[in-house]
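Below is one structure, written out as structure tokens; comments come after it.
The values are calculated or read from the model by the stated rules, or taken from the named source; none is laboratory data. Bear in mind the structure is a predicted one, so any value in this text is a computation, not a measurement. Glycine also receives a Cβ, built like all others from the backbone with ideal geometry; neighbour counts cover every protein chain displayed. Side chains included, ligands, DNA and RNA excluded: accessible areas come from the protein's heavy atoms. Shrake-Rupley method; radii C 1.70, N 1.55, O 1.52, S 1.80 Å.
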Amino acid sequence: MKTFAFATVFSIVAVLSAGAANAQQKSVVLSALPPQDFAFCLSTDATVVISDTVANEVGVVITNVGNSLTNTSGTVVVAANNFYGKGAGSEWKSAMGQFSLPGGNCYNVASMNKTTSPGSTAWTCALTSGAASGAGATITGVIATQTQVTPIASAYVTAGISSTLNGAPNVNCPY
């Protein structure tokens, strides 16, 4: 009986080990993150500072959407691209950097990425999210490749945040 039990346990361990070995050979494939914008309202004038965090092409678009976090259109006030002046299209207004935003308005932030430097590659709209931080806010744009989640852009608003919304409507991606 002991021999039978030992042989059965050994067989089960061998089958599980073989399954684990096969599972390790396959790379993990992540599903795409849903495109999502981040919105915030300002009670006072504020500064937003935007940075790219990858070497390939990144765009961040901030749209003044008026007085509601859920508006789906508005006026583009920042269109920053890390290849501005180095091959990025004429629709971009600036490089990454520091920008002034007037208070009393709400803003929608979209971030996007190309897998290459400027060229014919299509934009991937990122999951852009944020959180209140002190009197301001922090913002991050991330995309999913087949094997990892990659931050592509970060930003912070220095002050004046009166409200924020993750899961805001997609307004300007692709731009």
Quiz item: Would you call GLY87 in contact (Cβ under 8 Å) with a residue 40 or more places away in the chain and not aliphatic (A, V, I, L, M)?
Solution: no
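Just to check your reading of the model, which residue among VAL78, VAL60, VAL54, VAL49 is over 16 Å from the mean Cα position of the chain (by Cα) and not small (Gly, Ala, Ser)? Quick ask: steps written out before the conclusion?
Numbers: VAL60 fails: over 16 Å from the mean Cα position of the chain (by Cα); VAL54 fails: over 16 Å from the mean Cα position of the chain (by Cα); VAL49 fails: over 16 Å from the mean Cα position of the chain (by Cα).
Criteria check complete, one pass: VAL78.
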Practice problem: Inspect all residues belonging to the range 88-103 and state whether any of them is open to solvent by 50 Å² or more (accessible area, probe 1.4 Å), more than 19 Å from THR47 (Cβ to Cβ) and at pLDDT below 95. | Solution: yes
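Based on this model, can you work out whether PRO118 counts as closer than 17 Å to CYS173 by Cα, touching a residue at least 40 places away in the same chain (Cβ under 8 Å), surrounded by fewer than 20 Cβ atoms within 10 Å (Cβ to Cβ) and in contact with a Phe, Trp or Tyr (Cβ under 8 Å, 6 or more places away or on another chain)? I'd like the intermediate steps shown before the answer.
Working: closer than 17 Å to CYS173 by Cα: yes; touching a residue at least 40 places away in the same chain (Cβ under 8 Å): yes; surrounded by fewer than 20 Cβ atoms within 10 Å (Cβ to Cβ): yes; in contact with a Phe, Trp or Tyr (Cβ under 8 Å, 6 or more places away or on another chain): yes.
Yes.
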Quiz item: Looking at the range 128-152, which of the residues that are under 13 Å from LEU165 (Cα atoms) and in contact (Cβ under 8 Å) with a residue 24 or more places away in the chain is most open to solvent (accessible area, probe 1.4 Å)?
Solution: ALA132
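Would you mind finding the one in ASN71, ASN82, ASN64 that is open to solvent by 10 Å² or more (accessible area, probe 1.4 Å), under 11 Å from MET96 (Cβ atoms) and modelled with pLDDT of 95 or more? Full working, then the answer.
Values: ASN71 fails: under 11 Å from MET96 (Cβ atoms); ASN64 fails: under 11 Å from MET96 (Cβ atoms).
Step by step, each of ASN71, ASN82, ASN64 is checked, and only ASN82 is open to solvent by 10 Å² or more (accessible area, probe 1.4 Å), under 11 Å from MET96 (Cβ atoms) and modelled with pLDDT of 95 or more.
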